[in-house]
Amino acid sequence: MRVKYTNEGGIIIRTRLVDSIPDSGPVSIDRSSYPSNPWIGIQVIDTGIGIDPADQSRIFEEFEQIDAGPRGNSAERGTGLGLAISRRLAALIGGMVELESELDKGSTFTLWLPVDPDDLPVTSK
């Protein structure tokens, strides 16, 4: 199976629950404005072409694409709305979308969503 931007290698989807949002991550996001309650992280990790640091903020803007190919090849191009919509929806519910990427090594997109501590199961020790 071929996945857009990942011709060889693969894609991993990983989730994790953390006590508070990690301090590490892109410096473009100010973590001090987010609550220190539990968070769930949903990550999509690929071994694709990666995204140049100069383009990483740009891909979250509407209708922006990096090296999308010719206009006639809509399967490759898309519309450039997916990441912009994802980031906007995440923000509406108090979350965020982050990107870590390195050219020729792949990318990791993380969706962070806040969790109400009352929604967590009670565990006994």
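The values are calculated or read from the model by the stated rules, or taken from the named source; none is laboratory data. Just so it is clear, the structure is predicted and the values come from calculations on it, not from any experiment. We place every Cβ from the backbone using ideal geometry, glycine too, and count neighbours over all the protein chains shown.
With 108, 123 as the choices, which residue is more than 15 Å from residue 21 (Cβ to Cβ), assigned to a strand (DSSP E or B) and either at pLDDT below 90 or out of contact with any Ser or Thr (no Cβ under 6 Å at 6 or more places or on another chain) (or both)?
Just one listed residue meets the conditions, 108.
For segment 48-65, the set of residues classified as touching a residue at least 12 places away in the same chain (Cβ under 8 Å) and within 18 Å of residue 86 (Cα to Cα) consists of 51, 56, 57, 59, 60, 61, 62, 63, 64, 65, listed by residue number.
The set of residues from segment 87-103 being of a type outside the set (Lys, Arg) and either modelled with pLDDT under 90 or surrounded by 15 or more Cβ atoms within 10 Å (Cβ to Cβ) (or both) comprises 90, 95, 96, 97, 98, 99, 100, 101.
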